[in-house]
Amino acid sequence: MSRTRLLVVGGGQSGLAAARAGRDRGWEPVVLEAGAEPVGSWPSYYDSLRLFSPRQFSSFPGYEFPGPADDYPTRDEVVEYLRGYASWLGVDIRTRSPVADVTVDSAGAFTAHLADGDAVSGGALIAASGSFANPYIPQVAGHDAFAGRVLTVADYRSPEPFAGKRVVVVGAGNSAVQVGYELAQRADVTLAVRDRVRMVSQIVAGRDLHWWLRLTRADLLPPALLSRVVTGTPVIDTGRYQHALHSKLLGQRPMFAAFTPDGVVWPDGSQERIDAVIFATGYRPYLPYLDSLGALDASGLPRHQHGISRVQPGLGFLGLEFQRTFSSNTLRGVHRDAGFVVDALAQPRRAAVG
């Protein structure tokens, strides 16, 4: 076993960024990807998904996103980009290799135990397996009695199955609004929100928002500082979502209080028949393979500071939302976190990170 072998669990954008950072710093990365290709969860997103950042702001360093610089890549274009990037990297990527457990020996070496009984060892490990497998669904009274369809945005693909139906989309972020708007062309749709939808213009003074974020370096602000000036998750809009809300094409109401067998109860006590409810309420990290290390809290969340484990030397994380900055869990930002985490893992081992 090489002491400079870096185990990376997950072969999506975060895992590939970790492998790149490790390779460039003299490590020997081994990427363990559960799926058939090193493209992460991108193939499983809804069909119409497009990035909110143009190609020129969505590339990894040294590997340009092909196509017009100001265009917004589709889901399938992102898949193809990651596929090409993985090949270009030239590192050891092992697909169909789900990790079931991770152990650490007395010398601090990590062993990733695969579901098929195989094992791979290394001197450090980065958990970059994402959260798509663990969508968050809030507890709502009467859920079990509801006879309609309940799903998450991770299950949603296209509006066709909902044509003519009455649908509630729960959430106020980009995915909720984008899916709600798309559904509203075919169905009767209401957004159920705990707070109002906040819009931010995609084009400002003729420039894409991300041009301004780069110019002002706001993309690099720590989340704690950013939260002082930005409340909630803003929805990036060209104007069509705002118009849909104002015109009532896409309805908006405070979050419903409970399910009924055939619908929901709104906060004012009124009841409405509903065919389907789609939760677009975010995701939580899914890291069960780290349970035996004590690296997770009681909720299954990593105990970390900026992606460095507080309790297990040699363990890092990538792809966590707001891990270090507003752009941490994005194509345009994850490579910065990857360099930070790999550099930290190369430092002399400590019992914990402050």
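The values are calculated or read from the model by the stated rules, or taken from the named source; none is laboratory data. In this text, all values refer to a predicted model and were calculated from it rather than measured experimentally. Here the Cβ is made from the backbone with ideal geometry for all residues, glycine too, and neighbour counts use every protein chain on show. These area figures cover heavy atoms from the full protein model, side chains too; ligands, DNA and RNA do not enter into them. Shrake-Rupley method; radii C 1.70, N 1.55, O 1.52, S 1.80 Å.
Figure the gain on full extension for Asp297 and Ala163 (residue separation times 0.36 nm, minus the Cα-Cα span) and round it to one decimal in nm.
Working: separation 134, 0.36 × 134 = 48.24 nm, distance 4.21 nm.
Result for the pair: 44.0 nm of gain on full extension.
log10 I(q)/I(0), Debye, Cα-only the range 1-56, no solvent, q = 0.17, 0.24, 0.25, 0.31 Å⁻¹?
Evaluating at q = 0.17, 0.24, 0.25, 0.31 Å⁻¹ gives log10 I(q)/I(0) of -0.64, -0.93, -0.97, -1.15.
Let me know the whole percent of all Cα-Cα pairs from the range 54-129 that are separated by more than 21 Å.
48 percent
On average, how much area does the Cα convex hull of the range 155-210 cover when viewed from any direction, in nm²? Walk me through the intermediate numbers first.
Values: hull surface 19.9 nm².
Mean shadow area of the hull around the Cα atoms is 5.0 nm².
What fraction, in whole percent, of alpha-carbon pairs in the chain exceed 25 Å separation?
Numbers: 35284 of 62481 pairs.
The answer is 56 percent, as a whole percent.
Where does the chain land at 222 nm, in deg cm²/dmol rounded to the nearest 500, when only DSSP H runs of n ≥ 4 count, each adding -39500 (n - 2.57), divided by all residues? Walk me through the intermediate numbers first.
Numbers: 7 runs with 69 residues, N = 354.
Calculated from helices alone, the mean residue ellipticity at 222 nm is -5500 deg cm²/dmol.
Relative to the longest principal axis of the C-alpha atoms of the chain, give the angle of the C-alpha long axis of helix 75-89, reported between 0 and 90° and rounded to the nearest 10°.
With both axes taken from Cα atoms, the answer is about 0 degrees.
How high is the relative contact order of the chain, in percent, counting Cα pairs under 8 Å that sit 6 or more residues apart?
Values: 744 pairs, mean separation 73.4, N = 354.
Relative contact order for the chain comes out at 21 percent.
Any idea what the dipole of the chain comes to, in debye rounded to 20, about its Cα centre with Lys/Arg Cβ at +1 and Asp/Glu Cβ at -1?
Values: 35 positive and 34 negative charges, 189 e Å.
It comes to approximately 900 debye.
I want to verify the translational diffusion coefficient of the range 302-349 in µm²/s; compute it with Stokes-Einstein, Rh as the Kirkwood radius over Cα pairs, at 25 °C and 0.890 mPa s. Each step should come with its number before you reach the end.
Details: Rh = 10.6 Å.
Translational D for this selection: 231 µm²/s.
Roughly how large, in nm² to one decimal, is the mean projection of the convex hull of the alpha-carbon atoms in the range 40-181? List each step's numbers first, then the result.
Numbers: hull surface 52.7 nm².
Mean projected area of the Cα convex hull: 13.2 nm².
Would you tell me the accessible area of Met255, worked out with a 1.4 angstrom probe on the heavy atoms of the protein chains, in Å² to the nearest 10?
Estimated to the nearest 10 Å², Met255 gives 20 Å².
How far is helix 334-345 tilted, in degrees, relative to the longest principal axis of the Cα atoms in the chain, given as a value from 0 to 90 rounded to the nearest 10?
Taking the Cα atoms of the chain, the angle to 334-345 is about 40 degrees.
Taking the mean number of other Cβ atoms within 10 Å as a proxy for protection, how do you rank 167-180, 309-322, 42-55, 62-75 from highest to lowest?
Working: 167-180: 24.0, 309-322: 21.9, 42-55: 17.8, 62-75: 14.9.
Packing proxy ranking, top to bottom: 167-180, 309-322, 42-55, 62-75.
For the chain, what proportion of DSSP beta bridges, expressed in % and rounded to the nearest 5, is antiparallel?
Details: 24 of 60 bridges.
Expressed as a percentage, antiparallel bridges in the chain total about 40.
Which order do you get for Trp27, Trp212 if you rank them by accessible area with a 1.4 Å probe, largest at the top?
Working: Trp27 40, Trp212 80 Å².
The residues order as Trp212, Trp27, largest area first.
Could you give the dipole magnitude of the range 47-204 about its Cα centre, charging the beta-carbon of Lys and Arg +1 and that of Asp and Glu -1, in debye to the nearest 20? Provide the component values of the computation, followed by the final result.
Values: 14 positive and 18 negative charges, 129 e Å.
So the dipole magnitude of the range 47-204 works out to roughly 620 debye.
Mind checking which of Leu51, Thr152, Gln271 is farthest towards the positive end of the chain's charge dipole, using Cβ charges of +1 (Lys, Arg) and -1 (Asp, Glu) about the Cα centre?
Value computed over the given set: Leu51.
Using the heavy atoms of the protein chains alone and a 1.4 angstrom probe, what is the accessible area of the chain per residue in square angstrom?
That works out to 46 Å² per residue.
On the protein heavy atoms, probe 1.4 angstrom, tell me the percent of accessible surface of the chain carried by carbon and sulfur.
Numbers: 8110 of 16200 Å².
Carbon and sulfur atoms account for 50 percent of the accessible area of the chain.
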